[in-house]
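Here is the structure we will look at.
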Amino acid sequence: MISYIRGELADVREDQVVIDVGGVGYGIFMSGSDIARLPSTGQEVKINTYLHVKEDVMQLFGFLTRDGLEVFRLIIGVSGIGPKGGLNILNQMTPNDLRFAVLAGDVKAISKAQGIGKKTAEKLILELKDKLELTEAGGNEPEGKTLLQKSAGTGEIQGEAVEALVALGYGSTEAFQAVRSVEIDGDSTVEEVLKKALRQMLLF
């Protein structure tokens, strides 16, 4: 198992980079979003990696963050999604975008990824709802706090606000993100949350 590779960024291609480690070049498949965040060639980089071995094929898939790698592992654990499909999903959306999409049941957002059809997206949502850690990466939230509050009153208000936004034509994922960004207390009403969420929609 190769957990990570640290070395000089020797070459950057459309969907792959080459890392020089002691004179040996390792080809690593990466998402376009991660490749765009790499430094210029000649600089040292550390890439978190997943080694895919199948019959006579050995391929390395790389990620700039451990979170990206762990979400990738969960994605390819879904029947019918291979490493290339998993990378396509993370090329379409960030790990947190995927968390929101899974929570929202947003099949449309996930199926935008190349090679991922509606049925596969539905299967991914079904299987990852119980496996994907639906907390924001980075540890900024209090322990146990999920993307939508679990308390009965707060959760009901948030749920109604999301439904209202969807009814207005917004996508499920962006509706969840907007409502999630609104501070809610015991006196908050659905109307107040909805108004604040609509203001947030203008910022997305």
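Arrange the peptides 60-73, 6-19 so that the one whose residues have, on average, the most other Cβ atoms within 10 Å appears first.
The peptides rank, most packed first, as 60-73, 6-19.
Express in whole angstrom the spacing between the alpha-carbon centres of region 15-44 and region 157-204.
Their Cα centres are 40 Å away from one another.
Hey, could you grab the Kirkwood Rh for region 1-144? Inverse mean 1/r over distinct alpha carbon pairs, Å, one decimal.
This gives a value of 15.9 Å.
Starting from 0.36 nm per residue, how many nanometres of slack lie between VAL21 and MET201 once their C-alpha separation is accounted for?
Contour length minus Cα-Cα distance gives 60.3 nm.
Helix 152-167 versus the longest principal axis of the chain: what angle, 0 to 90°, nearest 10, using Cα atoms?
Helix 152-167 sits at roughly 80 degrees to that axis.
Rounded to whole Hz and in sequence order, give me ³J(HN,Hα) for region 96-113 from the Karplus expression 6.51 cos²θ - 1.76 cosθ + 1.60, θ = phi - 60°, writing x for Gly and Pro.
The phi angles translate into 6, 4, 5, 4, 4, 5, 5, 4, 7, x, 7, 4, 4, 5, 6, 6, 6, 5 Hz.
Simple spin-label model, 7 Å along Cα-to-Cβ: SER181 to ASP11 in nm?
4.2
How much of the accessible area of the chain, in percent, comes from carbon and sulfur atoms when a 1.4 Å probe is used?
Solvent-exposed carbon and sulfur of the chain make up 47 percent of the total.
With r as the distance between the Cβ atoms of LEU38 and GLU122 and R0 = 30 Å, compute the FRET efficiency 1/(1 + (r/R0)^6) and round to 0.05. Walk me through the numbers before you get to the answer.
Numbers: r = 34 Å, r/R0 = 1.12.
The calculated FRET efficiency here is 0.35.
Residue separation times 0.36 nm, minus the C-alpha to C-alpha distance between LEU51 and SER79: what's the value?
Working: separation 28, 0.36 × 28 = 10.08 nm, distance 1.82 nm.
Taking 0.36 nm per residue and subtracting the Cα distance, the gain is 8.3 nm.
Charges at C-beta only: +1 for Lys and Arg, -1 for Asp and Glu. How large is the resulting dipole of the chain about its Cα centre, in Debye rounded to 20?
For this selection, approximately 440 debye.
Please state the relative contact order of region 34-111 as a whole percent: Cα pairs under 8 Å, 6+ residues apart?
18
Tilt of helix 83-92 relative to the longest C-alpha principal axis of the chain, in degrees (0 to 90, nearest 10)?
Long axis of 83-92 versus the principal axis of the chain: about 50 degrees.
Suppose R0 equals 35 Å; then what is the FRET efficiency for ALA167 and LYS112 from their Cβ-Cβ distance, rounded to the nearest 0.05?
0.95
For region 36-97, report the translational diffusion coefficient in µm²/s to the nearest whole number, using Stokes-Einstein at 37 °C, 0.692 mPa s, and a Kirkwood Rh over Cα pairs.
Approximately 259 µm²/s, per Stokes-Einstein.
The values are calculated or read from the model by the stated rules, or taken from the named source; none is laboratory data. Predicted, not measured: the structure shown is a model, and the values here were computed from it. Counting neighbours? That spans all protein chains shown, and the Cβs are built from the backbone with ideal geometry, glycine included. Accessible surface is based on the protein model in full, side chains and every heavy atom, while ligands, DNA and RNA are left aside. Shrake-Rupley method; radii C 1.70, N 1.55, O 1.52, S 1.80 Å.
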